[in-house]
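No value in this document is a laboratory result; all are computed from the given coordinates. Every value quoted in this text rests on a predicted model; they were computed, and no experiment measured them. Cβ sites come from the backbone with ideal geometry, for glycine too, and all protein chains shown count toward neighbours.
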Amino acid sequence: MPTSKVRTYSLISHEAVHLISNLIKVARKERQYTAQEVAERAGISRGLLQRIEKGDLKCSIGAVFEVAAIVGVKLFDAEATTLMKHILHIEEKLALLPKSVHKRTKVVDDDF
């Protein structure tokens, strides 16, 4: 049986996931949605929803975003027009940047 690779995460990642997981749990309970209802609407298992709400860093970001949207947690400035403006701005910026980044190797001229 293959062993799973241990992944380490920064403190900021732990804190961000802790925050979003608690926001999701609070929003779900305030709206009086059961875990099963939210899981069904998101198309995920109840177990995955429980892992999201516990702050498991290995959960799919798409699943986390979908659950957040279902329970009404705003991740960004979630108005459609503002969000689209941000997307277009970033896409314009990406178009100007190179498609890939390579480390430059400095050629040493040691011919004296």
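Against the chain, whose longest principal axis is taken from its Cα atoms, helix 11-30 shows a tilt of about 20°. Straight-line reach from Lys5: taking Cα to Cα under 18 Å and skipping same-chain neighbours fewer than 8 places apart, the aspartates and glutamates in range are Asp56. Over the chain, DSSP H runs of length four or greater, each weighted -39,500 (n - 2.57), average out per residue to a 222 nm ellipticity of -18500 deg cm²/dmol. Counting only alpha carbon atoms, the long axis of helix 61-71 and the longest principal axis of the chain meet at about 30°. The ellipsoid equivalent to the alpha-carbon distribution of the chain has semi-axes of 38, 23, 12 angstrom, derived from the gyration tensor eigenvalues as √(5λ) and listed largest first. Label sites at Arg7 and Phe65, each approximated as a point 7 angstrom past Cα along Cα to Cβ, lie 1.6 nm apart. If R0 is 30 Å, the Cβ-Cβ spacing of Thr81 and Glu37 corresponds to a FRET efficiency of close to 0.50. Once the Cα-Cα distance is subtracted from the 0.36 nm per residue extended length, the Lys58 to Glu91 segment shows a gain of 9.1 nm.
Take the Cα of Glu15, step 7 Å toward its Cβ, do the same at Lys103, and the gap between the two points is 3.0 nm.
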